[in-house]
Every structure is written in structure tokens, then in C-alpha cells.
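A quick write-up on the structure given underneath.
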């Protein structure tokens, strides 16, 4: 009897002593944000003592798991470098190796962010063969959905090689290679969490949508599809929430095609940006790609309306930026194959606005406003040095209070454009490149195209 009780007690004690465990985002080959107070977290037995010993310092960090079997610690990271190792000790020991300190970017959206060289990109075979960059690391999140927020996901960090690059986000890869070139070989960590064909609503926390009647109404209009979820928060819960608190330099976003037809995409994207920043507790930079011209059905402006909504977000939300890609995208392919131009344009935004190491003109001409003077409209632009029309053909239109638009003659005056039409004596509205497949022909000296826009909303 005594032997049985002793054996039972021994088994209970063994079961109650759990091993310290980590979420999958902490693994070999990871990149941690440089010169930051980064958070580590995981699980262990309640009150179990956890110590973390990184090799970049002699400091040892210690804490105890709480009564929910959860623990977290803040570690100070140095300037970029590596490789380092990190030892985590509790009732067991975990050794993480080949760790670099550098810059970490979250890359999200739908298929154009997900699209890899294996899908068929311009010069794909050549780019794959050159993709030996051991200080670029990929953490690609698999497609998963969940009704409630999750605390972990099945993925691990991979070193950039021709094999890993071929099946990772091409936009993210070209962004990283441009950063490394200009930042003098700082390691880059790319967390890629994307799902083709998904509307923005699935990437937004449920409470953000439920607390906004406009977003709720838009979400209720989404039509089920066979290739992914359309319910609010389903991708956020499974593919973003487990990453919250992993310190980032910023976020890249390429999405919008699945929201064509929405009349409130401006508010939807703003809600996504604000909710992610609130989740992380950081106003990190958020750079995104304007969707390319494409024929979204007949007799509608569904595509160009999304492009215009994206343009307005940059005006409304601080620390954001948008790249326009109408010049490198055919109108008959919803998955443009020139991903290098896209990634490098995003990188230039980051290098100028976040890292502040370049001062070139890297932005597209940006609509600032319009003033009406008798029968003329004077349209002003930002980032408009060297403004020119590539084929001398006007894509501007002008309308009176009846909202009927007519083609307009144009005259470039420095960084402004004066337009008019004999059919409109008292103009009230203007628009430019206003069509789903309209490719901008207005450029600045950096040969970057202006966004389509309208003043009629």
C-alpha cells in the first residue's frame, strides 16, 4: 500500500513539472530587432523559474511563470550582428542557435504578397540562382483560420537560399535585398503572413469591426468564396495574433483586390492599421502597395475606387506610405510578375522615411488639392519635381455641378497642372486616370507614376 502511494505521488509530481516551452516564432535562425527591448514569452509550470542567457551580453534575465503557466521577459538587444545563441532554462533547457540581430518586417496581405518565384515572376530563374543571402531569414506563416485569438502557430525560421527563396514572398525578398544593400549588410528578418483572395476584414480584430457600424455593414456584404475565409478576424486570430509582441521595425501590406466593390475600403484599411498598432503598442511604419489596374467586371469603377481609397489613407494616417505600380503591371494579369520593382519601391520608402539614409525622390506624384478659377481647375501635386506626361495624352477629366465628366486639355505649370474643357464653364470636380484599367501617364523626374484620383466622393 505504501509503495503504491509513493509511486502515485511520484507520478503526480512528474506530471506537474512541465517543461518550459516557446512559441514557434522563437527558434533557430531567427532575427531579433536591433537596439530594442524585445519581449520573450512562453509557458512553464506555475512559479517555475525561467532564465534567459544570450551570448551578446553577460547579463542573465530571470522571471517566474505565473499561475496561468505563462511567463515573459524583456531583453535588450545590441546593434546589428551575429550569429548569437540564446539559452533558456527552466526545468529543462532550450538552446537557440544562429540568431541574428537586425531589422524585422511583417509582410502581409493577399496573393500578390504571398506570390513567390515558384509562381512565375520576371527573371525568376536568374533571381532564384542568386538568392544566397544567409543574413536574410524567412518566417512564413501557413494558412490557418480561427474563431478566437490563438497564441501559437506552426512555422519556423529559414535561412535565405535559392531553395527557400523560391517558395517565399518575392516582394518581401526584393524589399530585403534592397535594404541590405543600402543598410550595409544589416540582417533582415521577414515574417510573411499572407493568404491569397482574402478581404481585409479577415485580418482585423473582431472587436475593431464590431465597434464600427460602417465596417460591420461592409463585412456583412462579403460573399463566401472557396479559397479562404471572409469572416472578420479569422486570419488575424490564427496568423497575426500569435506574432503580437514580437518586436518589428514595420509592416508591409499588399492587398485590396478582394475588396473591390467596397465603398468604405478607406475606413477598412485605416481600421486595420490602427488595430495592429494598438495590438503591438507601437506606431510602426506601415507601407503598402496600391493595387494594379485590372478589369474588374464591366461598367463599374470597383478597381479604381480601391486605388483612390488607398491613396486617401496616406493622407489620413501618419507614418504610412504607398507605392504606385501601374507602370510595371499589365492590365490583363491580376498577379503582376514584376515583383522586383514593387519590393524595391517599398524599400526606398523605408530607407527614406524610416531609416533616413537616403534623400532621393522615391514617392509618386501625389494629389494635394485643386483650386477653381473661372473655367479652369488648377491641380497641385506633392513629390512633383520634373512633372511630365509621358505620351502627351491627357487622362484628366473635369465636371460641373451636374457631375458629368468631360476630357480636359492640360497645361503643366511647374508642380501643378491646369485643366479645362469648353464643355464645362463652371467646374466643380476633377479626376485623373479614372478607370479600372487606366494606367497613369503622369510621372515625376524619378519616373514614378501618379495615382489615379477623383475629387467627387
field: Within the stretch 134-168, tally of residues that are within 30 Å of residue 123 (Cα to Cα) and either surrounded by fewer than 16 Cβ atoms within 10 Å (Cβ to Cβ) or not assigned by TED's automatic domain parsing to the domain that holds residue 121 (or both)
entry: 7
Test result for residue 382, within 22 Å of residue 312 (Cβ to Cβ), in the same structural domain as residue 432 (by TED's automatic domain parsing) and either in contact with a helix residue (DSSP H, G or I) (Cβ under 8 Å, 6 or more places away or on another chain) or surrounded by fewer than 20 Cβ atoms within 10 Å (Cβ to Cβ) (or both): yes
- prompt: Looking at 324, 370, 331, which one is touching a residue at least 60 places away in the same chain (Cβ under 8 Å), surrounded by 17 or more Cβ atoms within 10 Å (Cβ to Cβ) and over 21 Å from residue 456 (Cβ atoms)?
  reply: 331
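Given the structure, is residue 16 at pLDDT below 95 and surrounded by fewer than 17 Cβ atoms within 10 Å (Cβ to Cβ)? Explain how you work it out, then say what you get.
Details: at pLDDT below 95: yes; surrounded by fewer than 17 Cβ atoms within 10 Å (Cβ to Cβ): yes.
Against the criterion (at pLDDT below 95 and surrounded by fewer than 17 Cβ atoms within 10 Å (Cβ to Cβ)), residue 16 qualifies.
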statement: Counting only residues in the stretch 127-165 that are in a helix (DSSP H, G or I) and over 20 Å from the mean Cα position of the chain (by Cα), the one farthest from residue 251 (Cα to Cα) is identified as 129
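Is one or more of the residues making up the stretch 112-133 under 22 Å from residue 355 (Cβ atoms), touching a residue at least 40 places away in the same chain (Cβ under 8 Å) and assigned by TED's automatic domain parsing to the domain that holds residue 198?
There is at least one residue in the stretch 112-133 that is under 22 Å from residue 355 (Cβ atoms), touching a residue at least 40 places away in the same chain (Cβ under 8 Å) and assigned by TED's automatic domain parsing to the domain that holds residue 198.
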message: One residue is enough: does the stretch 278-300 have a residue meeting the conditions under 28 Å from residue 140 (Cα atoms), free of Cβ contacts under 8 Å to residues at least 12 places away in the same chain and in the same structural domain as residue 227 (by TED's automatic domain parsing)?
response: yes
- request: Quickly run through the stretch 178-206 and pick out the residues that are touching a residue at least 24 places away in the same chain (Cβ under 8 Å) and in a helix (DSSP H, G or I).
  value: 178, 179, 180, 182, 200, 201, 202, 203, 206
query: Does the stretch 232-246 contain at least one residue that is more than 21 Å from residue 457 (Cβ to Cβ) and surrounded by fewer than 19 Cβ atoms within 10 Å (Cβ to Cβ)?
result: yes
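For the stretch 274-304, how many residues meet the condition of being part of a helix (DSSP H, G or I) and surrounded by fewer than 23 Cβ atoms within 10 Å (Cβ to Cβ)?
7
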query: Can residue 399 be described as in contact (Cβ under 8 Å) with a residue 40 or more places away in the chain, more than 28 Å from residue 330 (Cα to Cα), more than 21 Å from the chain's Cα centre (by Cα) and buried (at least 16 other Cβ atoms within 10 Å of the Cβ)?
result: yes
- prompt: Among the residues of the stretch 45-68, which ones are more than 33 Å from the chain's Cα centre (by Cα) and closer than 23 Å to residue 99 by Cα?
  reply: 50, 51, 58, 59, 60, 62, 63
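The values are calculated or read from the model by the stated rules, or taken from the named source; none is laboratory data. From a predicted model like this one, the values you see are computed outputs, not experimental measurements. A quick note on method: Cβ atoms are made from the backbone with ideal geometry, for glycine too, and the neighbour counts reach across all protein chains shown.
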